[in-house]
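The block underneath contains the structure these notes are about, expressed in structure tokens.
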């Protein structure tokens with residue numbers, strides 16, 4: 001297995017980025033663009049997922065990375081909650097909601113699994129070498 005040298009190689013970061021792009025596309029094709037507060041919250045929480053993955057990775061220590069993954073996972077939950085408001089306000093269809101909700105559930109599980117791996121790994125990160 002090759003080592004990952006940058007956060008952009010992490011599958012969880014790639015999926016988080018994809019979800020951020022979907023949030024933007026939902027805004028562009030719906031009246032969410034007129035609900036500034038909700039869009040700002042949704043954009044912020046989805047961006048927080050990918051940003052915390054990146055920041056944790058760049059800390060070069062597994063303990064800190066695990067902490068940032070915990071924050072990213074929480075932001076993933078926040079995004080799911082906000083997605084319900086987007087559905088309830090009829091900015092997206094139930095089918096589109098189900099797709100995005102499923103992606104967020106999957107991402108949360110992947111982040112949680114990776115966090116568990118880091119916490120139980122004997123490796124401590126490159127700054128401790």
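The values are calculated or read from the model by the stated rules, or taken from the named source; none is laboratory data. Please read all numbers here as calculations on a predicted model, not as lab measurements. All Cβ positions, even for glycine, are placed from backbone atoms using ideal geometry, and neighbour counts span all protein chains on display.
Assorted remarks:
- Hits in region 49-77 (condition: within 18 Å of residue 98 (Cα to Cα) and surrounded by 18 or more Cβ atoms within 10 Å (Cβ to Cβ)): 76
- Test: residue in region 36-55 that is more than 20 Å from residue 77 (Cα to Cα) and touching a helix residue (DSSP H, G or I) at 6+ places or on another chain (Cβ under 9 Å): no
- Odd one out for residue 64, checked against (1) in a helix (DSSP H, G or I); (2) touching a helix residue (DSSP H, G or I) at 6+ places or on another chain (Cβ under 8 Å); (3) at pLDDT 95 or above: (3)
- Selection from region 94-119 of residues that are more than 18 Å from residue 45 (Cα to Cα), surrounded by fewer than 19 Cβ atoms within 10 Å (Cβ to Cβ), touching a helix residue (DSSP H, G or I) at 6+ places or on another chain (Cβ under 8 Å) and without any contact (Cβ under 8 Å) to a residue 60 or more places away in the chain: 94, 119
- Among the criteria (1) in contact with a helix residue (DSSP H, G or I) (Cβ under 8 Å, 6 or more places away or on another chain); (2) farther than 16 Å from residue 111 by Cβ; (3) surrounded by fewer than 20 Cβ atoms within 10 Å (Cβ to Cβ), the one residue 31 does not fulfil is (1).
- Out of 33, 90, sole residue that is without any contact (Cβ under 8 Å) to a residue 60 or more places away in the chain, more than 27 Å from residue 117 (Cβ to Cβ) and outside any helix (DSSP H, G or I): 90
- Pairs with Cβ under 6 Å, 6+ apart, first in region 1-27 and modelled with pLDDT of 95 or more, second outside any helix (DSSP H, G or I): 26/92
- Selected residue [over 22 Å from residue 28 (Cβ atoms), assigned to a helix (DSSP H, G or I), within 21 Å of the chain's Cα centre (by Cα) and modelled with pLDDT of 95 or more] from 103, 109: 109
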